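Heads up: the structure comes next, in structure tokens.
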Amino acid sequence: MVKVAILGFGVVGSGVAEVITGNGAGISKKADDLVELKYILDVRDFPDSPFAQNFVKDFAAIENDPEVNVVVETIGGVGAALDFTERALKAGKSVVSSNKELVATHGRRLLDLAAENNVVYLFEASVGGGIPILRPLSECMAANDILEICGIVNGTANYIFTRMVQDGIPFEEALRGAQANGYAEQNPTADVEGMDTCRKLCILSSIAFGWHLLPEQVPTTGITKITLADEAYAAACGMRIKLLGRAIAQEDGSVCPFVEPHFVSLQDPLGGVEDVFNAIKVKGDAVGDVMFYGRGAGKLPTASAVVADVIAAARKLTRAGYHPWQANRPDSVMPSDKLASRWYVRLAEGGLSAEEKLTIDQAVAGESGWITEAMTRPELNKMLEGKAVLSVIRVLD
């Protein structure tokens, strides 16, 4: 019998409880064992919850109960979540997590700790919500050397861009709409400044390349400075603006990881991804481009991925785990400034006579938009010396 304890009863934790109890018969059949919810840990009281009898406030009750096989961590952050995860693994319990911040910053150590105690640490739901991406990347594409990861992995940012284009509203108004619809937190910093995308990119890259890429090694630019004028210029050349997390393998064995807005062609599958949907494109040397698409967040989609990991932990135990990550490689990260790209540039005055000029219907007097030839960021900066620059956005080629 597999007894499950859930840490945290927020959106994801409550969804996991609902899925485990509501789909219990099917889950147990797929797990080849009876799967039951035994505990829910939360500091709050839920007297009217159908799971009221399962609540405890002291993690020691879970830690010291030999019946608990799998602990589901949905607390978030790296405080109590890290402490409880370490204690659960040391107590011989597998841990399933949706916590991208914890995995991105401490994933290598927790994977090693799981292996030392003959259990597993699984975190499919930490990237892409309900989209299956981490296990396919780890197992189904194992025959490939991964050449590039490029993805839209933050539904809030993508929703904001969609509303800006479809409703013709500025960033601030689109953000308020995202908050009103529950897609953005009241403090949306992690979403709009790119940190959420950065953490997910670190997890994807660590699995793809086999060594632990840390968030502080990923140059990250958010979306707060994107304007309706920028969106109009993107449309003028058949493109849309998307916040992308990218990690590109280099011939010398290094990796170039970064997060920033891009002009993306509508001919590219990523260009047509709208609203809160996520899409991750992975390029392997043998298989070529493979794309994963779906709802990147939400109560039940994320719970679906969490419970799938519970089933995997119940069925295979150590065979279900990811390969251990090697230590961080500070010398194997190429700065994104060295990556040559075309660039969109919006100027308050003057122009770039040798480059492609963009025309929009409602151009502001004195402003102009341009697409440059491929060049590195230092080369672009030299070209723009002395010019009144309003926007600079990389073009995805």
I'd like to compare 32-44, 94-106: which one has the highest average count of other Cβ atoms within 10 Å, and what's the full order after that? 94-106, 32-44
Which lysines, on any chain, are close to LYS338 with Cα under 20 Å apart, when same-chain ones fewer than 8 places away are left out? LYS382
Taking every alpha carbon pair in region 177-277 and sorting the distances into 10 angstrom bins from 0 up to the bin holding the longest one, the percent per bin comes out as 14, 38, 36, 11, 1
I'm spelling it out carefully: the read-out is semi-axes √(5λ) of the Cα gyration tensor in Å, the candidates are [x] 34, 24, 19; [y] 29, 24, 21; [z] 42, 23, 17, and one was derived from this structure. Which label? [z]
So, R0 is 25 Å and r is the distance between the beta-carbons of MET1 and MET291; what FRET efficiency does that work out to, to 0.05? 0.05
How high is the relative contact order of region 235-316, given as a whole-number percent (alpha carbon pairs under 8 Å, six or more residues apart)? 18 percent
Return a whole-number percent for the relative contact order of region 128-281, with Cα pairs under 8 Å and 6 or more residues apart as the contact set. 34 percent
Between rounded, prolate and oblate, where does region 1-80 land on the alpha carbon gyration tensor, with a ≥ b ≥ c its root eigenvalues, rounded for a/c under 1.5, else prolate if a/b exceeds b/c? prolate
About its Cα centre, the chain carries a charge dipole, from +1 on Lys and Arg Cβ atoms and -1 on Asp and Glu Cβ atoms, whose size in debye to the nearest 20 is 580 debye
May I ask you to compute the full-extension gain from ALA60 to ASN381, defined as 0.36 nm times their residue separation minus their alpha-carbon distance, rounded to one decimal in nm? 109.9 nm
So what is the calculated 222 nm ellipticity per residue for the chain, using -39500 (n - 2.57) for each DSSP H run with n of 4 or more, over all residues, to the nearest 500 deg cm²/dmol? -10000 deg cm²/dmol
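None of the figures in this text is laboratory data; all of them are computed from the coordinates on show. These numbers come from a predicted model, not from an experiment. We place every Cβ from the backbone using ideal geometry, glycine too, and count neighbours over all the protein chains shown.
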